[in-house]
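First up is the structure itself, then whatever we jot down about it.
The values are calculated or read from the model by the stated rules, or taken from the named source; none is laboratory data. Bear in mind the structure is a predicted one, so any value in this text is a computation, not a measurement. All Cβ positions, glycine included, derive from the backbone under ideal geometry; neighbour counts span all protein chains shown.
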Amino acid sequence: MRKFKAGFGFIEILLVLAIIAFIAYKVFNVYFKKTSLDKETQKIISEQGIDTTSYKSTIDSTRDKLKDIQSNRTAQ
């Protein structure tokens with residue numbers, strides 16, 4: 001009779017690593033994906049002077065635009 005070893009074999013470890021790598025690929029792909037905007041929204045955003053090259057630049061330029069609007073309202 002043959003004895004069975006306890007623990008994982010090489011194939012099982014490779015399979016688990018492949019699954020983890022696939023899930024990590026999908027998560028990073030979603031996380032770093034640039035948000036897609038339709039043409040009308042992109043046109044309005046560019047007219048307002050909001051930079052959409054990256055998430056940080058979008059937030060910063062939107063914040064600056066909102067500060068300008070707020071200062072114009074308080075000046076009136």
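Taking segment 49-76 as the region of interest, how many residues are in contact with a helix residue (DSSP H, G or I) (Cβ under 7 Å, 6 or more places away or on another chain) and surrounded by 12 or more Cβ atoms within 10 Å (Cβ to Cβ)?
4
Return the residues of segment 27-57 that are under 13 Å from the mean Cα position of the chain (by Cα) and either closer than 19 Å to residue 69 by Cα or among the charged types (D, E, K, R) (or both); say none if nothing qualifies.
Hits for segment 27-57 are 33, 34, 56.
Quick check on my filter: what residues within segment 1-28 are at pLDDT below 85 and under 25 Å from residue 54 (Cβ atoms)?
none
Please count how many residues of segment 37-48 are exposed (fewer than 10 other Cβ atoms within 10 Å of the Cβ) and either hydrophobic (A, V, I, L, M, F, W, C) or not in a helix (DSSP H, G or I) (or both).
Looking only at that region, the number is 1.
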